[in-house]
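Pasting in a structure now, in structure tokens, and then I'll have a few things to ask.
The values are calculated or read from the model by the stated rules, or taken from the named source; none is laboratory data. Just so it is clear, the model here is predicted, and its values are computed rather than measured. All Cβ positions, even for glycine, are placed from backbone atoms using ideal geometry, and neighbour counts span all protein chains on display. Remember, those area values only see protein heavy atoms, side chains included, never the ligands or the DNA or RNA. Shrake-Rupley method; radii C 1.70, N 1.55, O 1.52, S 1.80 Å.
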Amino acid sequence: MNEHETQPTAQRDQTPRETSENPPQQDAPQQDARQENGAQVSTDSAPPGIPDAAIPELVIISGMSGAGRSTAAKCLEDLGWFVVDNLPPALIPTMVELGARSQGNVARIAVVVDVRGRRFFDNLRESLADLDTRGVTRRIVFLESSDDALVRRFESVRRPHPLQGDGRIVDGIAAERELLRELRGDADLVIDTSSLNVHELRAKMDAQFAGEEEPELRATVMSFGFKYGLPVDADLVVDMRFLPNPHWVPELRPFTGVNEEVAAYVFNQPGAKEFLDRYAELLQLVAAGYRREGKRYVTIAVGCTGGKHRSVAMSEKLAARLAAEGVETVVVHRDMGRE
């Protein structure tokens, strides 16, 4: 019988027959469950257990509006944390459960909470208590700043404080500070950003969460053709058009810079190997500076006329050199095969 031929509910015999195939169910243990949309849903109010080994590390970022919450969150994201911004506090335990079920793919979670109302704050307290009962280890990072510094920041961006209403910026700051007083007292780490710039705040976060290892720098080495335009996301651009073009060698023209014969031709030209050595040394200096300034990603664009021969060969060698020096590197050939 297909679904269009089913009888009306009122006419069905809803009493199961007691046969050898359908034995009485009175001796079966009663299950505390109900049906929702055809699925069995447990009504047990106890939270589901989470294996200790699967519980992700949790950091809750909060603090004064304008004190640098977004910068702190971005820093943790660059360090490999899974960051959720403006998550309602009531959903934090659910987020931890999802991380625990990820089979280790989400081992560190950072949640940015923006406490702007009494009920919101009550939800946060309930969620923290829930996490404690589940045995979840969590840390609270609280971003603090002086009234003068916060006023200057809000005035510089020409935006009102979220709690000032019809009053002044200082009124909103005072209301928020009072609302967050208890949370600040519970914080594991309080960072005063009154006199810190963005780079200094990132350095403090790195010191707390990067561990003993130096924060990683990730590089993308991208070959491209100048005739197709510069890559808009390039941090550094180098030009390989000072080398002879394999395009004018008939037996090499059909191939690309990943071909051994083309690469050998390029690096047998005067200046090619010297450029690779000296530019790799320059990148060591630049990479150290990027790390000090809190920059974690760099895109190096290597160009030639069409993005097929010279730039591809140099990108491959440069990426291999960076990888050998411990830089996590990805190679992208933007225009190869475009002609």
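Which value in nm describes the separation of the simple spin-label points at residue 86 and residue 198, placed 7 Å from the Cα toward the beta carbon?
Modelled inter-label distance: 1.9 nm.
Taking 0.36 nm per intervening residue step and subtracting the Cα-Cα distance, what contour gain separates residue 137 from residue 248 on full extension?
33.6 nm
Quick check: from the Cα gyration tensor, does the range 64-143 come out rounded (a/c under 1.5), prolate or oblate?
oblate
On to the next question. At a 1.4 Å probe, what is the % contribution of carbon and sulfur to the accessible area of the range 227-280?
So the carbon and sulfur contribution to the accessible surface is 56 percent.
Let me ask something else. What order do 201, 79 take when sorted by accessible area (1.4 Å probe), most exposed first?
Working: 201 10, 79 30 Å².
Order by accessible area, largest first: 79, 201.
Let me ask something additional. Going highest first, how would you order 134-146, 235-247, 311-323 by mean Cβ packing within 10 Å?
Highest-to-lowest ranking by the protection proxy: 311-323, 134-146, 235-247.
Residue separation times 0.36 nm, minus the C-alpha to C-alpha distance between residue 103 and residue 285: what's the value?
Contour length minus the Cα-Cα distance gives 61.7 nm.
Take residue 268 and residue 330, extend 7 Å from each Cα along the Cα→Cβ direction, and tell me the distance between the two endpoints in nm.
The two pseudo-label positions are separated by 3.5 nm.
Could you tell me the calculated FRET efficiency between residue 292 and residue 54, based on Cβ-Cβ distance and R0 = 35 angstrom, to the nearest 0.05?
0.45
Just to confirm, what accessible area per residue do you get for the range 203-284 at 1.4 Å probe, in whole Å²?
Result: 60 Å² of accessible area for each residue.
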